[in-house]
């Protein structure tokens, strides 16, 4: 089963929920941090040893001797990543979406495969948790290709928990896709609610069963609860606004270590997710 | 004219709240909300839309069932698994590379521009606001951000407005790069958590790479004063201009609930801290050369 922890607004508690959930379960868990622009889950684990692999993507390389400057590659490219400038063809690697079309339309066979680094994928084992996370190379604009590569590490069996990036556009969607259940973490503020409503639209479009977690539930107003009730969205968990939680988070200590009594709440969250999934609420 | 962009790396550290206060403190600025897929600034500034336009990003493919002979040429060329086994284009996966269109022997593929969202020029109590709404599950947020910046620059030139303040998106990817590239300065707002510091270091790396002068401030600094000190040290060692600390204050949430910026809502020490940060940012900007535009 794949459970994705997402949110429209950033900083609502996705990483707190995903790490706490992973640490509260007895079973083997694969925790997958797909917030590759700013991965934070690993901060909450004492990692002794980790494996690392560099992830690359295709970009074209033009062999000048073979190129007859016909311009077919430039005509096809939808991303302005390759262009005839004067008497040579230039490649703009950061614009390239790796469709390989330029290579396919080149009749001179002048385009070869080269690499652009997307970032790295790291993995570590901490007790019953296998942690996998991607780190986008700083300066790399596109995160979805790396997110997709990180997700390839997911095993079909067992429990997989994905920590998604914030927002409602391509990075968040790449993380959520093919999940069995999405947990939307929100806070009861006007910003939290506005972005929750957008995120709900996305999850509905993707047709994935979902529920919400209200973090700092006593810090705002009751409009989020009213919205959830009206829309028939299950509220899976409410977390109080406690300074002790904020302080543990600040020093990279998992909330369920600082407050072991909270393990039960996250265990209950897991069971509510399983039950909601069976009911297929969407 | 100068462009100041507020970013954070980590989400939820207070970019929009700070931008709202800055917008109200600046008496002559254009405000951009560049967090186009989860825009919130309009909830505080309540802009009145003067002009509304569609944003068309890239194009996407579509297969005409009546013409398709199911030869699979499209499936073979697509590098994004966007063609399903029943020869339907999955609009979410389609990157718009046009290969299926080019290689379909039956000309069964249509390739057309997509409306990805809307953008607006508005009037607000803090002045002109340029903002947008990306459609649900749409892409090209970077392109939309670049468009907003071009429109803001145009408006600033026409009206002789000396400053553009941008509420940036979280992260380090394409919308962030589109928000900050070529700007005069960025202000990184962070929080004293290991996550906040980790993410701030990454955006600092990005602003270095793009050669943009950067300043920073720390929100909720009293949640963990040790990490606050560590962040300040990192800043001074890495040529980041420190602007000030903002205490943890429930008035920030209360101001949001009242649909006001903090400096409109309160006169307390937190509001004073924000005003100091605004003043310090102004001094930093004044020391930078004006760009020719």
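The values are calculated or read from the model by the stated rules, or taken from the named source; none is laboratory data. This one's a predicted model, so the numbers in the text were calculated from it and none came from an experiment. Cβ: placed from backbone, ideal geometry, glycine included. Neighbour counts: every protein chain shown.
Among the residues of region B:220-228, is there at least one that is under 30 Å from residue B:47 (Cβ atoms) and modelled with pLDDT of 95 or more?
Of the residues in region B:220-228, the ones under 30 Å from residue B:47 (Cβ atoms) are B:220.
Subsequent filtering for residues that are modelled with pLDDT of 95 or more retains B:220.
Taking every residue of region B:220-228 in turn, at least one turns out to be under 30 Å from residue B:47 (Cβ atoms) and modelled with pLDDT of 95 or more.
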Per-region count, region A:160-176, residues at the interface with another protein chain (Cβ under 7 Å from one of its Cβ atoms) and assigned to a loop (DSSP other than H, G, I, E, B): 5
Selection from region B:192-205 of residues that are within 27 Å of residue B:286 (Cα to Cα) and surrounded by fewer than 24 Cβ atoms within 10 Å (Cβ to Cβ): B:201, B:202, B:204, B:205
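Among the listed residues B:188, B:177, B:164, identify the single one that is under 24 Å from residue B:30 (Cα atoms) and either facing chain A (nearest Cβ under 8 Å) or out of contact with any helix residue (DSSP H, G or I) (no Cβ under 7 Å at 6 or more places or on another chain) (or both).
On the way: B:188 fails: either facing chain A (nearest Cβ under 8 Å) or out of contact with any helix residue (DSSP H, G or I) (no Cβ under 7 Å at 6 or more places or on another chain) (or both); B:164 fails: either facing chain A (nearest Cβ under 8 Å) or out of contact with any helix residue (DSSP H, G or I) (no Cβ under 7 Å at 6 or more places or on another chain) (or both).
Of the residues listed, the single one that is under 24 Å from residue B:30 (Cα atoms) and either facing chain A (nearest Cβ under 8 Å) or out of contact with any helix residue (DSSP H, G or I) (no Cβ under 7 Å at 6 or more places or on another chain) (or both) is B:177.
What do you reckon, is residue A:121 outside any helix (DSSP H, G or I) and farther than 26 Å from residue B:208 by Cβ? Talk me through it step by step, then tell me what you get.
On the way: outside any helix (DSSP H, G or I): yes; farther than 26 Å from residue B:208 by Cβ: no.
Against the criterion (outside any helix (DSSP H, G or I) and farther than 26 Å from residue B:208 by Cβ), residue A:121 does not qualify.
Could you check region B:1-116 for helices (runs of 4 or more DSSP H) lying wholly inside it with 3 or more residues that are in contact with a helix residue (DSSP H, G or I) (Cβ under 7 Å, 6 or more places away or on another chain) and free of Cβ contacts under 8 Å to residues at least 40 places away in the same chain?
Values: elements: B:15-25, B:42-45, B:73-77, B:99-103.
Fully inside region B:1-116 and qualifying: B:73-77, B:99-103.
Return yes when residue A:143 is at pLDDT below 95 and crowded, with 24+ Cβ neighbours inside 10 Å and no when it is not. Give the derivation first.
On the way: at pLDDT below 95: no; crowded, with 24+ Cβ neighbours inside 10 Å: yes.
Criteria not met by residue A:143.
Matching residues to (1) more than 15 Å from the chain's Cα centre (by Cα); (2) under 25 Å from residue A:196 (Cβ atoms); (3) buried (at least 24 other Cβ atoms within 10 Å of the Cβ):
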site: A:8; (1), (2), (3): no, yes, yes
site: A:12; (1), (2), (3): no, yes, yes
site: A:19; (1), (2), (3): no, yes, yes
site: A:27; (1), (2), (3): yes, no, no
site: A:30; (1), (2), (3): no, no, no
site: A:35; (1), (2), (3): no, yes, yes
site: A:48; (1), (2), (3): yes, no, no
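What do you reckon, is residue B:264 assigned to a helix (DSSP H, G or I) and touching a helix residue (DSSP H, G or I) at 6+ places or on another chain (Cβ under 8 Å)?
Details: assigned to a helix (DSSP H, G or I): yes; touching a helix residue (DSSP H, G or I) at 6+ places or on another chain (Cβ under 8 Å): yes.
Answer is yes for this residue.
Scan region B:135-170 for residues that are assigned to a strand (DSSP E or B) and within 12 Å of the chain's Cα centre (by Cα) and jot them down. Steps first, please.
Step one: filter region B:135-170 for residues assigned to a strand (DSSP E or B), giving B:163-167.
Answer for region B:135-170, where residues must be assigned to a strand (DSSP E or B) and within 12 Å of the chain's Cα centre (by Cα): B:165, B:166, B:167.
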Pair list, Cβ under 6 Å, 6 or more apart: region A:90-106 residue in contact (Cβ under 8 Å) with a residue 60 or more places away in the chain, other residue part of a helix (DSSP H, G or I): none
Every residue from region A:228-265 that is under 23 Å from residue B:193 (Cα atoms) and in contact with a strand residue (DSSP E or B) (Cβ under 8 Å, 6 or more places away or on another chain): A:238, A:239
Conditions (1) more than 14 Å from every other protein chain (Cβ to nearest Cβ); (2) touching a helix residue (DSSP H, G or I) at 6+ places or on another chain (Cβ under 7 Å); (3) under 20 Å from residue A:38 (Cα atoms); number of the one not met by residue B:228: (1)
